[in-house]
1. Please go through (1) in contact with a strand residue (DSSP E or B) (Cβ under 9 Å, 6 or more places away or on another chain); (2) modelled with pLDDT under 85; (3) farther than 16 Å from Ala263 by Cα for Lys154 and return the number of the only condition it doesn't satisfy.
2. Could you please tell me which pairs satisfy a Cβ distance under 7 Å, a separation of 6+ or placement on different chains, a first residue in segment 220-249 that is farther than 16 Å from Thr164 by Cβ, and a second residue that is among the charged types (D, E, K, R) and at pLDDT below 80?
3. Return the only residue of Lys165, Lys159 being part of a strand (DSSP E or B), farther than 14 Å from Ile234 by Cα, modelled with pLDDT of 90 or more and basic (Lys, Arg).
4. Can we say Lys171 is assigned to a strand (DSSP E or B) and at pLDDT 95 or above?
5. Restricting to segment 117-138, give me the number of residues that are buried (at least 20 other Cβ atoms within 10 Å of the Cβ) and either in contact with a strand residue (DSSP E or B) (Cβ under 6 Å, 6 or more places away or on another chain) or free of Cβ contacts under 8 Å to residues at least 12 places away in the same chain (or both).
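The values are calculated or read from the model by the stated rules, or taken from the named source; none is laboratory data. Just so you know, these numbers come straight off a predicted model, no measurement behind them. Quick reminder, even Gly has a Cβ in these numbers, built from the backbone with ideal geometry, and neighbours come from all protein chains shown.
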Amino acid sequence: MKNVLTLFAFLFCFASYAQNFEGIIKWTITTEITDPETKAKMEEASKKIADPNNQAKMRELQTKMNDPEFKKMMEANPQMKTQVEAALKMMQGGGLQNMLPSGYETHLKKQDMLTKIQGGVADKQTMLYLKDKDKVYSINHDAKTFSVLPNGEKGAVEKDAKVTKTTETKKILNYNCSKYVIESEINGKKFSHIVWATNEIKNIDYKSFSKHRYQGSKVFSFEKIDGVPLLMEINSKEGKMTMEAVQLKEQTLPAEEFVVPAAYKEVPPAFGF
């Protein structure tokens, strides 16, 4: 489960890389857990969540969240507050599957990028990449906090990905896309991906994306893909995740979207990012 969430974080941080594009790309996400062991763990966890005793504890915690003293304690520890709220959301939603996002929006302004997550444990979280600082920030506007995400993982051992362009084509958002099959391996863990990319969008440069990493992983090898990915299917031991662009619109975006608010407090990254 941790590997799936880490992969989500990677994708949210670096869904696109633009040179001259300014506008918004909207994505939908579907997930399917196929690994029997992972499914069994999720089912067991869901049973524990549904247990009457645990539900009673959840209601007690919800009541505490409204207590002024408890609120004060949570405000003093934003990271704990985020984790408690995530646990409550998971229990209310019915299980671990509800921790995973259902979509996101990518706001691009030249070479800066803002990603707004929708659904799951990170619902309404914002990821901000600033080109001039070469950093990725996770921003929680409710808690008025931010974290700087790591851009490297010590000891990661990766092999060059094998990228195969097939003869298959299809239209996505009315763009002609070609199918690529990617096979990669990091720390002995194998990944296989399918990417549908178009070379009909000229002002977004995904090859530049390969210069950036999340926790040392160059999973997608975009430098070997001709064009802009509009559909990505990620396969791992735990299951499959599909991300598809459902809207791409060029528009002027306000510069103030692409800043970390000065009044926000820096906290350590949550959820192992």
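1. All conditions pass for Lys154, except number (1).
2. Filtered contacts from segment 220-249: Lys237/Asp35; Glu238/Asp35; Gly239/Asp35.
3. Lys165
4. On the way: assigned to a strand (DSSP E or B): yes; at pLDDT 95 or above: yes.
Against the criterion (assigned to a strand (DSSP E or B) and at pLDDT 95 or above), Lys171 qualifies.
5. Selection size over segment 117-138: 9.
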